[in-house]
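Report on the structure given below.
The values are calculated or read from the model by the stated rules, or taken from the named source; none is laboratory data. What you see is a predicted model, and the numbers here were worked out from it, not measured in a lab. We place every Cβ from the backbone using ideal geometry, glycine too, and count neighbours over all the protein chains shown. Calculation scope for accessible area: heavy atoms of the full protein, side chains included, ligands and nucleic acids excluded. Shrake-Rupley method; radii C 1.70, N 1.55, O 1.52, S 1.80 Å.
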Amino acid sequence: MANSKKLSELTLEELHIEKKKRKGVLTGLGIVMLIACVIMVVVAVKSKNYALIAVACGVFVTLMPLMASLNEVEKEIKNRQQK
């Protein structure tokens, strides 16, 4: 991320902005990957290259680090609101 501050150094307002940003990126990439997966499955069936179906199913693993990052921001927000 462009912001080099740790989550503990951000204000609550900055954390909410960061959460919205990360959620938007995750949603956008998820939609693009879903469209790409559908295209890959169609191509796999038409070309009878069924290995592409496995690749299409596996690409969502690449979203895991971004999901973990979003969860960290949500935990930090939750911890701050409990105080």
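Remarks
- Positions within segment 46-78 being among the hydroxyl-bearing types (Ser, Thr, Tyr) and farther than 27 Å from residue 10 by Cα, in sequence order: 47, 50
- Out of 66, 15, one residue alone is touching an Asp or Glu at 6+ places or on another chain (Cβ under 7 Å) and either free of Cβ contacts under 8 Å to residues at least 24 places away in the same chain or not basic (Lys, Arg) (or both). It is 15.
- Just so you know, in segment 8-53 the residues that are of a type in the set (Asp, Glu) and exposed (fewer than 10 other Cβ atoms within 10 Å of the Cβ) include one that is farthest from the chain's Cα centre (by Cα), and it is 9.
- Meets criteria (among the basic types (Lys, Arg) and open to solvent by 80 Å² or more (accessible area, probe 1.4 Å)) for residue 5: yes
- Residue in segment 54-66 that is modelled with the highest pLDDT, counting only those that are surrounded by 12 or more Cβ atoms within 10 Å (Cβ to Cβ) and of a type outside the set (Phe, Trp, Tyr): 66
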